[in-house]
Amino acid sequence: MVSRRLLAVAGAGVLAASLAACGGGDSGSGGGGDAAGGGAPWVLGTTDTVTSLDPAGSYDLGSSTLQYQMYQQLLTIPAGSNTPEGDAAESCSYDDPTTFTCKLRPGLTFSNGNELTSSDVKFTFERNLNIADPNGASVLLASVDSIETPDDQTVTFNLNKPDTTFQFVVTHASAGSIVDEETYPADALVANEEAVGSGPFVMAEYQDGNQASLEKSESYKGPREAKSSQVFVKYYKEPSALKLAAENGEVQVAWRSLSPTDIKDLQGSDSVEVIEGAGSEIRYFVWQLGTNMGKEKAVRQAVAEVIDREAIAQRAYDGTVDPLYSIVPPGFPGQVDAFQDVYGQNSVSEARGMLQQGGIQTPVNLTLGYTPSHYGPNAVDEATELKRQLDASGLFNVTLKSAEWTQYQDLYKQNAYDLFQLGWFPDFLDADNYLAPFFVDGGFYENNYSNQQVNQLVAKEQGSNKDATREKTFQQLQQIVAEDVPVVPSWVGKNTAVVAPGMQGVEETLDPAFIFRMWTVSNEG
Amino acid sequence: MASRSGSLPRYIVQRVLLIIPMVWILLTMVFLLMRVAPGDPVSASVGGRLTEAAMDERRASLGLDRPLLTQYFEYLGGILRLDLGQTISDNRPIIDIVKENGGATLTLTVAALLIALVVGIPAGLIAGRFRDTTGDVGIRMFGILTYAAPVFFTGILVQLLVAEYGGDWPTSSASSPITEFTVQSRTNILLVDAMLMGDWSAVLEVLQYLLLPALTLGLLICGIFIRLTRVNVLQTLQGDYVEAARARGIKESKVVRSHAFRNALVPVVTVIGLQVALLLSGAVLTEKTFNWPGIGSELIDYIELRDYAAVQGIITVFALVVILISLLIDIINALIDPRVRY
């Protein structure tokens, strides 16, 4: 062992001599800081990437994960709940469907010592809209008309239309993280090393694409006090490397995104535990109503009748996902398994009847599109399994076609596929986020579906602040979607983490919100 | 008498001037290839979430709706001002990527080169000295295999083997998060920074992390050194001066060591420089496989994001490194062997 070390040191000397002359300037990063407080530090490993630590410059889960730790939002989604609760705000409520008022907690400060007042909140939202960064989430704030601050503790949002979803928008890290108006410029993003917030953690060090180091904030006031004094986030390029790191104990928590095969493999491991919670990420197939077959409702319904979602979940994803029977996943208020209600158990004879009634000759030739470069390697397995099911029914003759992600987006809008695969990750925890972007006048994927009743119902639920009314409207919408079949839901993912022995609180945070609440987690190992 | 065209200064000036069209052609190719590929930074990042109109707005705010020629000249202008710009996908100055991630790539490539030399040259010498023996056949097969095996395949294989049988030996990254946090960054080269701090446990740890990726990349290159050294040893062993040495009664071991081996290594030295391009391309895949925080793995991420600015900037840096090293090798060659100037 001694000789190995001596060799290593000697080797280091040779190597360093070669390298030292080529070194760059002093970056000033790092710091040799010592973690304050008790509790063992722990490492979260992930394959997510971070676009920006400035909330105005990002709209991706990797950035949001860090922003949730560093910043406060007015409201937050507590673990295991769908209902926002106060974070920077003591309370928020709708004065009427277009006026949303929040009262801040007293004595809030940013980690740099600056006070957090209603003026910072107003600045935050106006800044996000003003910058409208191409990578940002300002699109979520489209309903903000103006913001008023009657006093230091009160902020009022005037909305340009009735929008009940705004209470969820303010919980979103990229749309609602409050920044310091004395530090952040009004018209430009701040560099990652200058990012500062008032959240339960402070960013001690951040290296783009490599790692982040978070320390517990002593100035945080709110319901999210951190249980750990220091947390590291390690970024991995490949799921396989993350899996090995989890097995080797190099990371104590591996969260997003291990392949189904890796998860299955780790479930049998003695060194780690695989924990699963309810998820909210969905996959679905979209009908392009601009094609000859896509416009035929009988064809769409027949496919909805034949598809065996359980087989897709098992064969394409090793049972690591759950079958999805509505475009809104289970757990959301107002969710109903509408496709199961309408079509029941998959039945070839029922499907044949539908096609006959619609005057459609069989076998129906269908082109099924998928992309292997955006939704992971199992997307191919999923498309292949659906083709197998449809072909096996004898009613369809499916041709699979694939394209790289960026090209795929053009092709599905240009009617290259009758049916194509897409995925969705919610912006906020409300059923509206699974309905409004999809079914109002063709949705973002432009599939030529338009139904005035759907448009009216979406406007109705967005304008209502009565839970019962909204839930009933959601149910009606899901029912119409199941009957019109502009999409065929396929599966909903689970929120899965791989944890080392001794880690506490991970299970708590694995819910459909997909917020990794590091403040709830501690390393007791 | 040497002609004017054969003078060393003139040769160097010619070679330096050739860099300009080389770089220009390369930059133009990179610019065009990125635009020819389907998609753009907006559709790569937020496609499948926003309507086409919303995405067009984002394209316009990035200036991607402007004529291609305008974008091209703006890009060339930036390069002329030595301004590589900033990435589209995460607003990061490209020069920062080079500074922050370049150290890791440099560490990996230098370590890989050392491994390739340490393994490849002795193996080549032995193979050449003991031609057609079992050892020679074995070494030749090893050389062919390491050169032919794709670097990502070797990398994954090494990772899996070490994960299974290597105990706690790390299989990815450049160090543990705690070491990266505690080692103060001065040169952006973690190993050097750890040494400057006098933190020898960190140095050992960084070397531990370095071993697998450096070995993987080093094996790729060492096949070339094995074959080249072997061939040169075979040639020198048949040289007149070697025969003359033998005829003078010098011991065979000394003939081989002092005459054959030494002369066989001269061409190897010039080939080392030519391996830089292969090292850098191998580093891209090695970094990705081993989660090594170098420029190469960043390049792959930015290609996936269709981040024109980042890809153009990083490839420009890679190209300049290769071109400058080639220039250096050419000059050294011209100094050693005047025939190349004519």
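Going by the conditions given, is B:Phe142 closer than 16 Å to B:Leu108 by Cα, more than 8 Å from chain A (Cβ to nearest Cβ), surrounded by fewer than 24 Cβ atoms within 10 Å (Cβ to Cβ) and within 24 Å of the chain's Cα centre (by Cα)?
No, not satisfied.
Within the range B:1-19, is there a residue that is more than 12 Å from chain A (Cβ to nearest Cβ), in contact with a Pro (Cβ under 9 Å, 6 or more places away or on another chain), more than 29 Å from A:Trp405 (Cβ to Cβ) and open to solvent by less than 30 Å² (accessible area, probe 1.4 Å)?
There is at least one residue in the range B:1-19 that is more than 12 Å from chain A (Cβ to nearest Cβ), in contact with a Pro (Cβ under 9 Å, 6 or more places away or on another chain), more than 29 Å from A:Trp405 (Cβ to Cβ) and open to solvent by less than 30 Å² (accessible area, probe 1.4 Å).
Which residue, of A:Asn82, A:Asn128, is crowded, with 16+ Cβ neighbours inside 10 Å, in contact with a helix residue (DSSP H, G or I) (Cβ under 8 Å, 6 or more places away or on another chain) and not aliphatic (A, V, I, L, M)?
None of the others qualify; the one that does is A:Asn128.
Quick one: how many residues across the range A:204-215 are crowded, with 24+ Cβ neighbours inside 10 Å and of a type in the set (A, V, I, L, M)?
Matching residues across the range A:204-215 total 2.
When only residues in the range B:28-78 that are of a type in the set (Asp, Glu), within 14 Å of chain A (Cβ to nearest Cβ) and part of a helix (DSSP H, G or I) count, which is least open to solvent (accessible area, probe 1.4 Å)?
B:Glu52
Yes or no, residue by residue, for (1) in a loop (DSSP other than H, G, I, E, B); (2) of a type outside the set (A, V, I, L, M, F, W, C); (3) open to solvent by 20 Å² or more (accessible area, probe 1.4 Å):
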{"residue": "A:Asn448", "(1), (2), (3)": "yes, yes, yes"}
{"residue": "A:Gln456", "(1), (2), (3)": "no, yes, yes"}
{"residue": "A:Gln476", "(1), (2), (3)": "no, yes, yes"}
{"residue": "A:Gln479", "(1), (2), (3)": "no, yes, yes"}
{"residue": "A:Val488", "(1), (2), (3)": "no, no, no"}
{"residue": "A:Lys494", "(1), (2), (3)": "no, yes, yes"}
{"residue": "A:Ala497", "(1), (2), (3)": "no, no, no"}
{"residue": "A:Pro512", "(1), (2), (3)": "yes, yes, yes"}
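Can you tell me how many residues in the range B:171-195 are open to solvent by 20 Å² or more (accessible area, probe 1.4 Å) and closer than 18 Å to A:Leu44 by Cβ?
2
Residue check: is A:Leu116 of a type in the set (A, V, I, L, M, F, W, C), farther than 18 Å from A:Asn433 by Cβ and surrounded by 15 or more Cβ atoms within 10 Å (Cβ to Cβ)?
Answer is yes for this residue.
Kindly indicate which of A:Glu305, A:Glu276, A:Glu310 is open to solvent by 30 Å² or more (accessible area, probe 1.4 Å) and touching a residue at least 40 places away in the same chain (Cβ under 8 Å).
A:Glu276
From (1) in contact with a Ser or Thr (Cβ under 9 Å, 6 or more places away or on another chain); (2) away from chain B (no Cβ under 14 Å), pick out the condition that doesn't hold for A:Phe123.
If we test A:Phe123 against (1) in contact with a Ser or Thr (Cβ under 9 Å, 6 or more places away or on another chain); (2) away from chain B (no Cβ under 14 Å), just (1) comes out false.
Would you point out which residue out of A:Leu366, A:Leu390 is part of a strand (DSSP E or B) and either of a type in the set (A, V, I, L, M) or under 16 Å from A:Val488 (Cβ atoms) (or both)? Lay out the reasoning, then the answer.
Values: A:Leu390 fails: part of a strand (DSSP E or B).
Just a single option satisfies the conditions, and that option is A:Leu366.
Please state which of the following conditions A:Asp187 fails to meet, knowing it meets all the rest: (1) out of contact with any Asp or Glu (no Cβ under 9 Å at 6 or more places or on another chain); (2) open to solvent by less than 10 Å² (accessible area, probe 1.4 Å).
(2)
For (1) within 14 Å of chain B (Cβ to nearest Cβ); (2) free of Cβ contacts under 8 Å to residues at least 60 places away in the same chain; (3) farther than 30 Å from B:Thr51 by Cβ, each residue gets a yes or a no:
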| position | (1), (2), (3) |
| --- | --- |
| A:Met354 | no, yes, yes |
| A:Tyr370 | yes, yes, no |
| A:Tyr375 | yes, no, no |
| A:Leu390 | no, no, no |
| A:Val398 | no, yes, no |
| A:Lys401 | no, yes, no |
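Return the only residue of B:Ala283, B:Ala310 being within 14 Å of chain A (Cβ to nearest Cβ) and touching a strand residue (DSSP E or B) at 6+ places or on another chain (Cβ under 9 Å).
B:Ala310
Any idea how many residues of the range B:79-120 are in a helix (DSSP H, G or I) and either within 17 Å of the chain's Cα centre (by Cα) or buried (at least 22 other Cβ atoms within 10 Å of the Cβ) (or both)?
23
For the range A:225-246, how many residues meet the condition of being of a type in the set (D, E, K, R) and surrounded by 22 or more Cβ atoms within 10 Å (Cβ to Cβ)?
Going through the range A:225-246, the residues of a type in the set (D, E, K, R) turn out to be A:225, A:227, A:234, A:237-238, A:243.
Next, only the ones that are surrounded by 22 or more Cβ atoms within 10 Å (Cβ to Cβ) stay: A:234, A:237, A:243.
Counting residues in the range A:225-246 that are of a type in the set (D, E, K, R) and surrounded by 22 or more Cβ atoms within 10 Å (Cβ to Cβ) gives 3.
Need a quick list: helices (runs of 4 or more DSSP H) entirely within the range B:177-245 having at least 3 residues that are modelled with pLDDT under 95.
Working: elements: B:177-182, B:190-197, B:200-237.
Of the helices (runs of 4 or more DSSP H) lying wholly inside the range B:177-245, those with at least 3 residues that are modelled with pLDDT under 95 span B:177-182, B:200-237.
Identify all residues within the range A:92-147 that are out of contact with any Lys or Arg (no Cβ under 7 Å at 6 or more places or on another chain), over 15 Å from A:Asp180 (Cβ atoms) and among the hydrophobic types (A, V, I, L, M, F, W, C); write none if there are none.
A:Cys92, A:Phe100, A:Cys102, A:Leu129, A:Ile131, A:Ala132, A:Ala137, A:Val139, A:Leu140, A:Leu141, A:Ala142, A:Val144 - these are the residues of the range A:92-147 that are out of contact with any Lys or Arg (no Cβ under 7 Å at 6 or more places or on another chain), over 15 Å from A:Asp180 (Cβ atoms) and among the hydrophobic types (A, V, I, L, M, F, W, C).
With the condition being of a type in the set (Lys, Arg) and within 30 Å of A:Ser81 (Cβ to Cβ), I'd like the helices (runs of 4 or more DSSP H) fully within the range A:276-344 carrying at least 2 qualifying residues. Steps first, answer last, please.
Details: elements: A:297-306, A:309-317, A:338-343.
Per the criteria, no element qualifies.
Could you list all residues from the range A:331-382 that are surrounded by fewer than 18 Cβ atoms within 10 Å (Cβ to Cβ), within 29 Å of the chain's Cα centre (by Cα), over 22 Å from A:Tyr412 (Cα atoms) and modelled with pLDDT under 95?
Listed by number, the residues that qualify are A:Gly331, A:Pro333.
Residue-wise test of (1) over 23 Å from B:Ala104 (Cα atoms); (2) open to solvent by less than 30 Å² (accessible area, probe 1.4 Å); (3) modelled with pLDDT of 90 or more.
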site	(1), (2), (3)
B:Gly294	no, yes, yes
B:Ala310	no, yes, yes
B:Ile315	no, no, yes
B:Leu320	no, no, no
B:Leu324	no, no, no
B:Ile331	yes, no, no
B:Ala334	yes, yes, no
B:Asp337	yes, no, no
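Would you check which residues across the range B:168-183 are touching a helix residue (DSSP H, G or I) at 6+ places or on another chain (Cβ under 6 Å) and more than 15 Å from A:Asn210 (Cα to Cα) and list them?
B:Trp169, B:Pro170, B:Thr171
With the condition being at pLDDT below 95 and more than 25 Å from B:Asn291 (Cβ to Cβ), I'd like the strands (runs of 3 or more DSSP E) fully within the range A:42-120 carrying at least 1 qualifying residues.
On the way: elements: A:42-46, A:89-96, A:99-104.
Filter on the range A:42-120 gives A:89-96.
From the list A:Val169, A:Val155, A:Val253, A:Val179, which residue is in contact with a Leu (Cβ under 6 Å, 6 or more places away or on another chain), open to solvent by less than 10 Å² (accessible area, probe 1.4 Å) and more than 14 Å from every other protein chain (Cβ to nearest Cβ)?
Every option except A:Val169 fails the conditions.
Within the range A:406-422, can you find the residues that are free of Cβ contacts under 8 Å to residues at least 24 places away in the same chain and not in a helix (DSSP H, G or I)?
If the condition is that a residue be free of Cβ contacts under 8 Å to residues at least 24 places away in the same chain and not in a helix (DSSP H, G or I), then A:Gln414 is the only one that fits.
Would you mention how many residues in the range B:149-170 are facing chain A (nearest Cβ under 9 Å), open to solvent by 30 Å² or more (accessible area, probe 1.4 Å) and either acidic (Asp, Glu) or in contact with a Phe, Trp or Tyr (Cβ under 7 Å, 6 or more places away or on another chain) (or both)?
Final tally of qualifying residues: 1.
The values are calculated or read from the model by the stated rules, or taken from the named source; none is laboratory data. A quick note: this is a predicted structure, and the numbers were derived from the prediction, not measured. Note that we place each Cβ from the backbone using ideal geometry, even for glycine, and neighbour counts take in every protein chain shown. Surface areas here come from the heavy atoms of the whole protein model, side chains and all, with no ligands, DNA or RNA. Shrake-Rupley method; radii C 1.70, N 1.55, O 1.52, S 1.80 Å.
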